[in-house]
1. Quick check: anything in segment 35-45 assigned to a strand (DSSP E or B) and either acidic (Asp, Glu) or at pLDDT 90 or above (or both)?
2. Name the single residue that is surrounded by the fewest Cβ atoms within 10 Å (Cβ to Cβ) among those in segment 1-36 being acidic (Asp, Glu) and in contact with a Gly (Cβ under 8 Å, 6 or more places away or on another chain).
3. Please enumerate the residues belonging to segment 3-42 that are in contact (Cβ under 8 Å) with a residue 40 or more places away in the chain and of a type in the set (Asp, Glu).
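The values are calculated or read from the model by the stated rules, or taken from the named source; none is laboratory data. Computed from a prediction, not measured in an experiment: that's the story for all the values here. Here the Cβ is made from the backbone with ideal geometry for all residues, glycine too, and neighbour counts use every protein chain on show.
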Amino acid sequence: LSLSTSSEDKVSVVVYDMTGRLIERREVRPSDMMEQQIGDRQPSGVYNVVVTQGEEVKTLRVIKR
């Protein structure tokens, strides 16, 4: 993941598989979020990634091949 923000609030990244099972959760500072790699230990499939910072929430559907 790559993120640019002007806020200093921590960033929460939560990954779910398509059945809704929690796969991974992490909280990082924005300065450490420039290039976060997620799901590198997970099998191929479709995942939902929820990125939250303060009141901002972004949900992404990601396909890992």
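1. yes
2. Asp9
3. Result: Asp9, single match.
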